[in-house]
């Protein structure tokens, strides 16, 4: 159809046909431009129906189609990744996304762990691989993208003595205190500690605490009761006096919702964040927001003195478990016994921790030996006493 024979519709727009497609424009030029653009995309192998789909829409549709076997929590994580990328891209149409666009997004993730960035990149690769197969893009913008140098993930650790003392001396002052005491003195997992019911699980007469199950958040925000992480999760653990004293007089769940039921994941995270903030305030004498602003701090600064350094509390829930296992190692607890207490399915995890601690002890011993040898084997006894024969 020639330019002059384009029909004008009753709404004022012009229409031009191509095969089974219709293209509209406010002017003849606009309608023809859209048709020519479609023909060019068709020749390049691009699917017109998909190529202009905004990234977020395309990505979420891909998620619903190709990640149906994931848990709802994992689905939500993927969805958040897609929405984050879409926001950074200003939700560009698929065909306009470039390698530079994607690399810029990936570079912003350098503050996260390598595993998280790898998962993010794997998600984008899946989306763009499908888009390429469907003809939504001519080139895959993930082909040349490189992962940035990521923040090194810190492993879990044993607590320091001052941290143990802080927890043990303040458990009455915060709602989460009793849960922290349970994790500190039994090595229970987070979900197991939340599930402990004092009336049901704590035997003060025989000094035992029984793990009968756990709380799981694997399918979303709401707590679900489970039988535990492994087949050995149900177990009994010695109830030490410090913990017995902390739990005596308590009833029901240690840290429930207001209605007495299990808390959600969000509620738990807020409670734990509040607890860590409480510990920091306790050890530093003020909330972090008031550091350097209190009357005492202002007086110190006015007198030309330095403020005491702020002491961060960086305890994560799993650190309690590592700490319990570490102290059992130094207490010479047999590994089979500790395996039962920890609820591990095999000895592998215990052996890894014990081996790591053994190597650390060997390294400390080597340092001590080196320091001793460098000082020399000089006796403190006088020379004339050294020469006299010693009685046997």
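Read-outs: derived from the displayed coordinates by stated rules, not from any lab. Values in this document were obtained by computation on a predicted structure and should not be read as measured data. As a convention, Cβ positions derive from the backbone with ideal geometry for all residues, glycine included, and neighbour counts pool all protein chains shown.
Among 262-269, 185-192, how do they line up from the highest to the lowest mean number of other beta-carbon atoms within 10 Å?
For the peptides 262-269, 185-192, the packing ranking is 185-192, 262-269.
Please report the relative contact order for the range 68-162, taking Cα pairs under 8 Å with a sequence separation of at least 6, and give it as a percent rounded to a whole number.
33 percent
On the Cα set of the range 55-134, report Rg and Dmax in Å, please.
Here Rg and the maximum Cα pair distance are 12.0, 34 Å.
Would you mind checking the tilt of helix 265-284 against the longest principal axis of the Cα atoms of the chain, expressed as 0 to 90 degrees and rounded to 10?
Tilt relative to the chain: about 50 degrees.
Quick one: Cα convex hull volume of the range 280-371, Å³ per residue?
Looking at the range 280-371, the number lands at 145 Å³ per residue.
Would you mind ranking 100, 236 by Cβ crowding within 10 Å, fewest neighbours first?
So the residues, fewest neighbours to most, are 100, 236.
Where does the chain land at 222 nm, in deg cm²/dmol rounded to the nearest 500, when only DSSP H runs of n ≥ 4 count, each adding -39500 (n - 2.57), divided by all residues?
Estimated from H runs of four or more residues: -16000 deg cm²/dmol.
I need the peptides 6-18, 156-168 ranked by packing, meaning the mean over residues of other C-beta atoms within 10 angstrom, with the highest value on top.
Top to bottom by mean Cβ count within 10 Å: 156-168, 6-18.
Working from Cα positions, state the angle (0 to 90°, nearest 10) between the long axis of helix 114-134 and the longest principal axis of the chain.
Computed tilt is about 20 degrees.
Rounded to the nearest whole Å³, what is the per residue volume of the convex hull around the Cα atoms of the chain?
Looking at the chain, the number lands at 318 Å³ per residue.
Would you mind ranking 58, 78, 112 so that the residue whose beta carbon has the fewest other beta carbons within 10 Å leads the list?
In order of increasing Cβ crowding within 10 Å: 112, 78, 58.
Any idea what the relative contact order of the chain is, in percent, if you count C-alpha pairs under 8 Å spaced at least 6 apart?
Taking the mean separation of contacting Cα pairs over the length of the chain, I get 12 percent.
Taking the chain as the reference, fit the longest principal axis to its C-alpha atoms, fit the long axis of helix 28-44 to the helix C-alpha atoms, and give the angle between the two in degrees, 0 to 90, nearest 10.
60 degrees
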